Amino acid sequence: MGDPKRSEERWWEDAIVYQIYPRSFADGNGDGVGDLAGIRGHLDHLAWLGVDTIWLSPIFTSPMADFGYDVADYCAIDPVFGTMADFDALLDDVHARDMRLLLDWVPNHTSSEHPWFRDAISGRDAAHRDFYIWRDPAPGGGPPNNWEDAFLQKPAWTFDAASGQYYLHLFLPGQPDLNWANPAVESAMHDTLRFWLDRGVDGFRADVIYAIGKDPALADDPPEFVGLPHCAVQHEPATHPLLRRIRTLLDTYPQRPMMIGEVVALDVDVMVPYFGDDDELHLNFNFAPTYMPWDATFWHDAIIAAEHAHRRVDAWPTWVLSNHDIPRHRTRYAQWPNPEVDTTGSEERARAAAVMLFGLRGTPFLYQGEEIGLEDADIPAERVVDPGGRDGCRAPIPWTAAPGHGWVDPWLPLPQHAGIRNVASTIEDPSSIVHLYRRLIDLRHDEVVLRDGACDVFDTPDGVVGFRRTLKGHRSVTVLVSMNDVPTVVEGVEGTVLVDSLDATADATGFDGRLGPRQAVIVEASPVGAG
Ligand code: GLC
């Protein structure tokens with residue numbers, strides 16, 4: 001490694017995070033569902049790639065109505081994933097490789113199978129009744145307000161005939177919302193954090209964390225929001241004191257645990273308040289780009305907006321292209337601007353996107369499989385299992401070229417082209433996208449300017465995104481990403497190519513300003529007279 005790493009105190013600012021969706025990563029026991037043993041068996045791949053932090057989507061006991069985001073016991077491992085001994089062994093193995101492990105904490109709701117809810121629904125006087133949000137029917141009958149759930153386009157309320165009241169669920173009826181206004185809930189949920197921190201985990205991705213504080217009046221959504229899920233529009237002041245107390249808890253641990261929030265807001269200015277005054281969440285996903293087309297105007301504006309918003313509150317940005325809730329970016333970009341057109345350029349777009357991801361200022365988050373250029377799987381109607389329609393991006397990772405690709409009867413079909421687009425085959429081919437990812441990660445480790453340097457977007461020809469990374473006392477680099485399907489010339493940028501999206505093996509060649517279709521480069525030079 002070239003330059004020294006930033007202080008361990010804010011390790012997440014230097015981290016490269018890899019999201020594992022455990023059901024689909026690797027199957028250790030051959031039952032068709034990925035598990036902890038499978039993850040342990042494939043840590044070498046992650047170490048080879050160079051990622052240093054792993055985020056595991058939920059592994060806790062769950063009836064799997066939402067594939068783990070419906071938790072029935074926050075402090076136990078679901079048997080489909082293994083045992084607590086498997087977890088401890090995984091954590092040891094991760095730490096032995098100098099990597100860190102983040103768990104997915106689901107604080108907004110439990111499963112309806114959680115003992116708290118089983119008790120709460122037993123009657124109005126139940127000890128845990130007030131752990132959840134119960135209301136009488138509206139005057140004249142029906143749900144207490146007009147909120148809609150996230151997946152079914154139905155009221156976010158389910159009627160419990162026995163007690164004559166409705167309970168709130170922003171997601172599925174099997175995911176009742178916790179009542180964080182009740183101090184007993186807050187304290188019980190803090191205990192779940194302590195449980196894992198005491199075992200040594202390095203932090204959490206906090207699911208739907210922005211929704212834990214509710215409007216005490218539970219007022220109707222205004223007419224302009226009707227038809228949208230309530231969770232897409234709610235931002236309540238009540239959440240912030242809860243976040244500050246979570247942060248205080250985290251800060252008592254010696255491993256400096258980090259919490260990254262899932263704050264669903266397409267406007268980065270709506271998201272940044274969740275950093276507080278560096279006393280709430282350490283990091284927050286900036287989701288705006290995951291909803292943007294492969295279009296340079298959008299990206300140009302989004303990078304400026306993210307830089308501006310994070311600098312204004314003195315917070316650290318993150319960048320993410322794909323996760324388990326949205327179509328993979330390769331699939332999304334193949335369909336832009338017209339799903340009917342030929343999609344052969346999708347690999348080149350995915351490569352260019354990777355150069356942008358690692359070139360930007362902020363912690364990059366990868367989603368399993370993007371490093372081998374996976375697209376969403378085609379899911380025939382009879383194989384659909386997710387009520388939210390997200391099966392395609394959750395398809396199992398093909399590990400080998402052999403039949404089955406490392407799986408026996410997997411719970412979802414494999415992505416297309418698994419015979420060539422699998423981990424082993426892409427690693428064997430030095431020109432493949434996985435080598436580009438590895439090279440970019442390596443460069444990011446070596447070049448402090450890519451981690452710490454300022455990021456300034458400059459004016460470029462139509463269809464090209466360009467930004468310059470600069471840091472006093474270090475060489476500057478320029479990142480150019482062409483979203484054009486035709487060659488483009490960028491005046492005023494010359495120098496040595498450090499990475500070329502189209503050629504993972506290229507050694508320091510010269511750059512004269514000419515970009516091919518869908519090509520991205522990181523060039524060691526400052527643009528002359530640009531911006
Ligand atoms: C988050 C998760 C998603 C889940 C939802 C409800 O958005 O990322 O997968 O369905 O929360 O927990």
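The values are calculated or read from the model by the stated rules, or taken from the named source; none is laboratory data. Remember, it's a predicted structure, so these values are computed and weren't measured experimentally. Counting neighbours? That spans all protein chains shown, and the Cβs are built from the backbone with ideal geometry, glycine included. Please note that ligands, DNA and RNA were not included when accessible areas were found on the heavy atoms of the full protein model with its side chains. Shrake-Rupley method; radii C 1.70, N 1.55, O 1.52, S 1.80 Å.
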- Message: Condition check: among the acidic types (Asp, Glu), touching a helix residue (DSSP H, G or I) at 6+ places or on another chain (Cβ under 7 Å), in the same structural domain as Pro254 (by TED's automatic domain parsing) and more than 16 Å from the ligand (Cβ to nearest atom). Does Asp92 satisfy that?
- Response: no
- Item | Every residue from the range 470-494 that is under 19 Å from Ala352 (Cα atoms) and of a type in the set (Gly, Ala, Ser) | Ser482
- What are the residues in the range 374-410 that are closer than 16 Å to Ile20 by Cα, in contact (Cβ under 8 Å) with a residue 24 or more places away in the chain and within 16 Å of the ligand (Cβ to nearest atom), if any? Asp376, Arg390, Gly392, Cys393, Arg394, Ala395
- Would you check which residues across the range 476-516 are of a type in the set (Asp, Glu) and more than 20 Å from Arg361 (Cα to Cα) and list them? Asp485, Glu491, Glu494, Asp503, Asp507, Asp512
- Item | Any strands (runs of 3 or more DSSP E) falling wholly within the range 464-509 and containing at least 3 residues that are open to solvent by less than 10 Å² (accessible area, probe 1.4 Å) | 464-470, 477-482
- Task: State yes or no: is Phe67 assigned to a loop (DSSP other than H, G, I, E, B), within 16 Å of the ligand (Cβ to nearest atom) and of a type in the set (A, V, I, L, M, F, W, C)?
- Result: yes
- Give the range 310-319 a look and list any residue that's surrounded by fewer than 19 Cβ atoms within 10 Å (Cβ to Cβ) and either touching a residue at least 12 places away in the same chain (Cβ under 8 Å) or under 15 Å from Thr363 (Cβ atoms) (or both), or say none. Arg312, Val313, Asp314, Trp316
- Query: Using beta carbons and a limit of 6 Å, which pairs, at least six apart or on different chains, have the first residue in the range 202-216 and on the phi > 0 side of the Ramachandran plot and the second one within 11 Å of the ligand (Cβ to nearest atom)?
  - Reply: Val208/Asn108; Val208/Glu262
- Message: Cβ-Cβ distance below 6 Å, separation of 6 or more or different chains: which pairs start in the range 258-279 with a residue that is under 17 Å from His230 (Cβ atoms) and end on one that is in a strand (DSSP E or B) and within 14 Å of the ligand (Cβ to nearest atom)?
- Response: Val263/Asn284
- So which residues in the range 107-127 are surrounded by fewer than 21 Cβ atoms within 10 Å (Cβ to Cβ) and of a type in the set (A, V, I, L, M, F, W, C)? Ile121, Ala126, Ala127
- Task: Among the candidates Leu266, Leu249, single out the residue that is touching a helix residue (DSSP H, G or I) at 6+ places or on another chain (Cβ under 7 Å) and either outside any loop (DSSP other than H, G, I, E, B) or not assigned by TED's automatic domain parsing to the domain that holds Gln19 (or both).
- Result: Leu249
- Message: Considering only residues that are within 16 Å of the ligand (Cβ to nearest atom) and under 14 Å from His235 (Cβ atoms), which ones fall in the range 256-269?
- Response: Gly261, Glu262, Val263, Val264, Ala265, Leu266
- Query: When only residues in the range 133-187 that are buried (at least 21 other Cβ atoms within 10 Å of the Cβ) and polar (S, T, N, Q) count, which is nearest to Lys214 (Cα to Cα)?
  - Reply: Asn179
- Task: Could you tell me which of the residues Arg205, Arg194 is in the same structural domain as Phe275 (by TED's automatic domain parsing), of a type in the set (Lys, Arg), open to solvent by 50 Å² or more (accessible area, probe 1.4 Å) and more than 25 Å from Asp160 (Cβ to Cβ)?
- Result: Arg194
- Residue among Asp130, Asp104 that is in contact (Cβ under 8 Å) with a residue 24 or more places away in the chain, within 23 Å of Asp207 (Cα to Cα) and open to solvent by 10 Å² or more (accessible area, probe 1.4 Å): Asp130
- Task: Kindly provide the set of residues from the range 135-166 that are outside any loop (DSSP other than H, G, I, E, B), within 17 Å of Ser111 (Cα to Cα) and under 29 Å from the mean Cα position of the chain (by Cα), ordered by number.
- Result: Trp157
- Query: For the subset of the range 45-64 comprising residues that are open to solvent by 10 Å² or more (accessible area, probe 1.4 Å) and either of a type in the set (S, T, N, Q) or not assigned by TED's automatic domain parsing to the domain that holds Ala424 (or both), which member is nearest to the ligand (Cβ to nearest atom)?
  - Reply: Ser62
- Would you check if there is a residue in the range 24-43 being closer than 23 Å to Thr110 by Cβ and part of a helix (DSSP H, G or I)? yes
